[in-house]
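Here is the structure we will look at, set down as structure tokens.
The values are calculated or read from the model by the stated rules, or taken from the named source; none is laboratory data. Keep in mind it's a predicted model, so treat the numbers as computed, not measured. All Cβ positions, even for glycine, are placed from backbone atoms using ideal geometry, and neighbour counts span all protein chains on display. With ligands, DNA and RNA removed, areas are computed over all heavy atoms of the protein, side chains included. Shrake-Rupley method; radii C 1.70, N 1.55, O 1.52, S 1.80 Å.
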Amino acid sequence: MAAVLLAGCQMPGSGSSGAAEQAPAGSSITVASVPGVGNAALYVAQHQGFFRQAGLAVHIRSYPTVAAEIAALQSGTANVGVGDYASFFYAQEHGTHMVVLADGYDAAPDIMDVLVSADSPINTPQDLQNATIGTPEPELPAGGAPYSLATVAASSVLENDGVPLATVHFKPMPTARLIPALRNHVVNAILVTEPEIYEAESQLGARSVLDAASGETVNLPLEGYFAAAAYAQKHHDALAAFRAALMRAQASANQPAPLNNALTHYAGMSRETASLITVGVYPTSLRVTSLQRVADLMSFYGSLPRPLDVSKMVFR
């Protein structure tokens with residue numbers, strides 16, 4: 001079900017070599033998803049028939065939050081969930097036993113930025129001292145520690161740039177309110193991903209003063225695919241076929257046409273927005289050391305109650 005891997009070990013069965021894996025006859029998997037850039041490959045796989053070719057009937061159900069996805073995994077309403085690592089690692093540390101099936105989406109330059117308005121006096125990360133930064137609503141219970149993977153990553157970069165975290169105030173709010181809050185000077189800056197980066201730049205002339213995926217957080221894994229450990233034990237072959245088909249889609253999603261089609265049809269973006277946003281990487285393999293960086297950052301900043309050994313979660 002899950003085995004300890006050597007640090008840095010690459011998951012087998014990824015890429016074209018795993019594409020021939022077939023699920024047992026009659027296999028059906030329900031996937032819980034919050035449609036967006038990070039899980040676009042899931043929809044590429046569905047649209048291009050990769051799951052069907054692997055002998056799988058895959059049903060994708062949309063949920064409003066990753067927390068709702070995790071609840072669906074716990075109840076058995078869904079078999080696989082996809083979303084930010086912070087939420088799933090936090091749930092793992094609080095009694096929801098899961099396996100990591102695949103790394104879904106990794107950071108690239110300027111896909112997770114702190115933006116300021118065009119006329120802002122803030123020009124460098126050091127200028128963010130005593131600033132209020134608007135962020136999406138918490139992925140984790142707020143208790144003084146960074147409450148999302150974005151705030152964890154931004155905290156790391158701010159500290160590396162010599163900014164005392166005690167001087168920066170993160171202000172959570174609904175994502176739809178972030179750009180208006182910046183426009184109306186309710187906050188000094190906003191920490192956002194795509195498509196909000198593109199929208200803020202095009203609507204306000206916003207500019208980036210900090211890339212939260214740089215320095216120690218460069219290429220940071222952001223989203224992954226998870227299953228309940230008990231389900232994975234009983235349905236190993238079906239999940240292996242699911243992962244192999246997904247890896248084919250991950251490779252396709254790194255090409256503009258399949259990605260743009262998924263973003264416009266499933267994530268609700270306009271064709272213009274889908275073609276102009278900055279996109280990260282859809283990896284075709286999983287490296288344990290990369291995921292361990294996420295868990296270690298979360299533990300260091302207090303977003304996890306104790307260190308988490310990711311190698312024990314990996315699906316084999």
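Couple of notes before you dig in:
- Of everything in the stretch 103-128 that is β-branched (Val, Ile, Thr) and more than 22 Å from residue 251 (Cα to Cα), the residue that is surrounded by the fewest Cβ atoms within 10 Å (Cβ to Cβ) is 124.
- Complete set of residues in the stretch 273-285 that are aliphatic (A, V, I, L, M) and under 14 Å from the mean Cα position of the chain (by Cα): 279, 281
- Meets criteria (among the aromatic types (Phe, Trp, Tyr), open to solvent by 30 Å² or more (accessible area, probe 1.4 Å), modelled with pLDDT of 95 or more and in a strand (DSSP E or B)) for residue 170: yes
- Residues in the stretch 257-290 that are open to solvent by less than 60 Å² (accessible area, probe 1.4 Å), in contact (Cβ under 8 Å) with a residue 12 or more places away in the chain, farther than 15 Å from residue 220 by Cα and not in a loop (DSSP other than H, G, I, E, B): 258, 259, 260, 261, 262, 263, 273, 274.
- Hits in the stretch 226-253 (condition: open to solvent by 70 Å² or more (accessible area, probe 1.4 Å) and either over 26 Å from residue 99 (Cα atoms) or not charged (D, E, K, R) (or both)): 233, 235
- Within the stretch 181-197, residues that are under 9 Å from residue 134 (Cα atoms) and touching a residue at least 24 places away in the same chain (Cβ under 8 Å) have Cβ atoms under 8 Å from residues that are buried (at least 23 other Cβ atoms within 10 Å of the Cβ) and acidic (Asp, Glu) in these pairs: 191/113; 192/113, counting only partners at least 6 apart in sequence or on another chain.
- Some residue of the stretch 200-222 being touching a strand residue (DSSP E or B) at 6+ places or on another chain (Cβ under 8 Å), assigned to a helix (DSSP H, G or I) and not β-branched (Val, Ile, Thr): yes
- Evaluation of residue 192 against (1) assigned to a strand (DSSP E or B); (2) under 25 Å from residue 105 (Cβ atoms); (3) open to solvent by 40 Å² or more (accessible area, probe 1.4 Å) (one fails), failing number: (3)
- If the condition is being more than 18 Å from residue 213 (Cα to Cα) and either out of contact with any strand residue (DSSP E or B) (no Cβ under 9 Å at 6 or more places or on another chain) or in a helix (DSSP H, G or I) (or both), then the stretch 123-166 contributes 127, 129, 140, 141, 143, 144, 145, 164, 166.
- Residue 110 on the phi > 0 side of the Ramachandran plot and either modelled with pLDDT of 95 or more or in contact with a Leu (Cβ under 7 Å, 6 or more places away or on another chain) (or both): yes
- In the condition set (1) of a type in the set (Gly, Ala, Ser); (2) in a loop (DSSP other than H, G, I, E, B); (3) free of Cβ contacts under 8 Å to residues at least 40 places away in the same chain, residue 176 is compliant with all but (2).
- Hits in the stretch 88-102 - residues which are under 15 Å from residue 297 (Cβ atoms) and open to solvent by less than 10 Å² (accessible area, probe 1.4 Å): 88, 89
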